1. Looking at A80, A58 in this structure, which one is among the hydrophobic types (A, V, I, L, M, F, W, C), surrounded by 22 or more Cβ atoms within 10 Å (Cβ to Cβ) and not assigned by TED's automatic domain parsing to the domain that holds Y237?
2. Tally up the residues in region 118-171 that are of a type in the set (G, A, S), touching a residue at least 40 places away in the same chain (Cβ under 8 Å) and not in a strand (DSSP E or B), please.
3. What do you reckon, is L174 crowded, with 19+ Cβ neighbours inside 10 Å, closer than 20 Å to V19 by Cβ, touching a residue at least 40 places away in the same chain (Cβ under 8 Å) and not polar (S, T, N, Q)?
4. Please enumerate the residues belonging to region 16-30 that are assigned to a loop (DSSP other than H, G, I, E, B) and either touching a residue at least 60 places away in the same chain (Cβ under 8 Å) or among the acidic types (D, E) (or both).
5. Of the numbered conditions (1) on the phi > 0 side of the Ramachandran plot; (2) surrounded by 23 or more Cβ atoms within 10 Å (Cβ to Cβ), G278 fails exactly one; give the number of that condition.
6. With (1) surrounded by fewer than 18 Cβ atoms within 10 Å (Cβ to Cβ); (2) under 13 Å from G273 (Cβ atoms); (3) without any contact (Cβ under 8 Å) to a residue 60 or more places away in the chain as the list, and T388 as the residue in question, which single condition is left unmet?
7. Take the conditions at pLDDT 95 or above and either of a type in the set (S, T, Y) or closer than 21 Å to R9 by Cα (or both) and apply them to A171. Does it pass?
8. Which one is surrounded by the most Cβ atoms within 10 Å (Cβ to Cβ), of the residues in region 9-25 that are of a type in the set (A, V, I, L, M) and under 20 Å from V56 (Cβ atoms)?
Amino acid sequence: MKIHEYQGRQLLSDAGIPVPSGVTITKAQDAASAYASIVKEAGLGDGGLAVVKAQVHAGGRGKAGFVKLVHSAAEATEAAEFMLSNKMVSVQTGPEGLAVDTLLIAAGVEIEKEYYLAITTDRATRQNVLIASAEGGVEIEQVAHDNPDAILKQPIHAHMGLQPSQARRLAFELGFVGKQVGQAAKIMMALAKLYSDKDCALAEINPLIVTPKSEGHPDGQVLAIDAKFNFDSNALYRQKAVAALSDPSTEDPNETKASAYGMSYIQLDGTIGCLVNGAGLAMSTMDTIKHFGGEPANFLDVGGSATEEAVTEGFRIILSDKKVNGVLVNIFGGIMQCDVIANAVVAAAKQVGFDVPLVVRLEGTNVEEGRAILKKAQADIPTMVAATDLADGAKLVCAATA
């Protein structure tokens, strides 16, 4: 699960990580007052610097013109009017773009140096890892590609967590000096605790910045001015406060529907719908479809304990995609029983209707019962054919949709 930047900044602030003040608005006419309150709170006065940022789940906002620096209420209003009345199109949104309905207006800060800081899970070592770079403020993927030596990593012990000595050493390696070292290390420690406490999949600060020297901060101040968080969806049952931050309007409606029934759905660009039990089997199914010249239209994993009602909803979701001109059902029954899937196919045929070729491959628990159910219903589902195995099913559905 993802959250918006303004929500991430609040999490950072609650964890003791310094973040410039900011407010959110949903109407352009509120931009002027928001700007005035922010610059006043930050002690910047008239003409003070603020930033207006679109709150969407996609990167590339700056290049798309949806992050703007402003120095007056009028400029803040102009920026808000533009962002709230246009879709943001970037390399991560695709040409269709994303509508913007919330803006963050935050106090601007002078920046002397930018850094990158994040925590995620390294699946190769099966450890959480703190990732940092002195080349912040840009796409970290590009930094890793162009200059991999600029990426520093510090493994985090599963039980002991990130140690202060690790954080200070990393701060020195990044080039922090003087009192910056202690500030940076404190932020790293707080971010590591936040990552663990909130069941994060990614906690990212980009950029983490150092301000110029001032009377109050002779070595400059280390601040987080952008935040990105992803959370482990499987842990949301124990993270009620995090789950409440979800914004359904930013999610794919079909993914939301599938999730409500305990299924995982991801829409793809192909024409062959896939209904499978188990993520690994779903990946194999899509690969086999591509091997025989087809293109999968979705990833739909009904899991091991889906009900007939859930599976019927799965068919409804697949067939709601107008690009789908064929469906492959590939079930290897372990916990999931083949007769449940068979009954769901029959129910879906009655409720939704199958106007496209339907290929069904069943194997495993109660397979004979499942096959008998489908054979009995064959006359009512004329587009359905049975497959002997996965390869046969993929061949049949690819041939039927060619």
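1. Values: A58 fails: surrounded by 22 or more Cβ atoms within 10 Å (Cβ to Cβ).
Every option except A80 fails the conditions.
2. Residues of region 118-171 that are of a type in the set (G, A, S), as a first pass: 118, 124, 132-134, 136-137, 144, 150, 158, 161, 165, 167, 171.
Next, from what is left, pick out any that are touching a residue at least 40 places away in the same chain (Cβ under 8 Å): 118, 132-134, 136-137.
Adding the requirement that they be not in a strand (DSSP E or B) leaves 134, 136-137.
Total meeting the criteria: 3.
3. Values: crowded, with 19+ Cβ neighbours inside 10 Å: yes; closer than 20 Å to V19 by Cβ: yes; touching a residue at least 40 places away in the same chain (Cβ under 8 Å): yes; not polar (S, T, N, Q): yes.
Yes.
4. At the first step, the residues of region 16-30 found to be assigned to a loop (DSSP other than H, G, I, E, B) are 16-21, 26-27.
Result: G16, I17, P18, V19, P20, S21, T26.
5. It fails just one condition, (2).
6. (2) is the only condition that T388 fails.
7. Numbers: at pLDDT 95 or above: yes; either of a type in the set (S, T, Y) or closer than 21 Å to R9 by Cα (or both): no.
So A171 does not fit the description; no.
8. First, pick out the residues of region 9-25 that are of a type in the set (A, V, I, L, M): 11-12, 15, 17, 19, 23, 25.
When the remaining residues are screened for being under 20 Å from V56 (Cβ atoms), the result is 11-12, 19, 23, 25.
On the way: L11: 22, L12: 24, V19: 21, V23: 18, I25: 21.
Once the filter is applied, the top-ranked residue is L12.
The values are calculated or read from the model by the stated rules, or taken from the named source; none is laboratory data. Computed from a prediction, not measured in an experiment: that's the story for all the values here. Please note: Cβ atoms are built from the backbone with ideal geometry, for glycine as well, and neighbour counts cover all protein chains shown.
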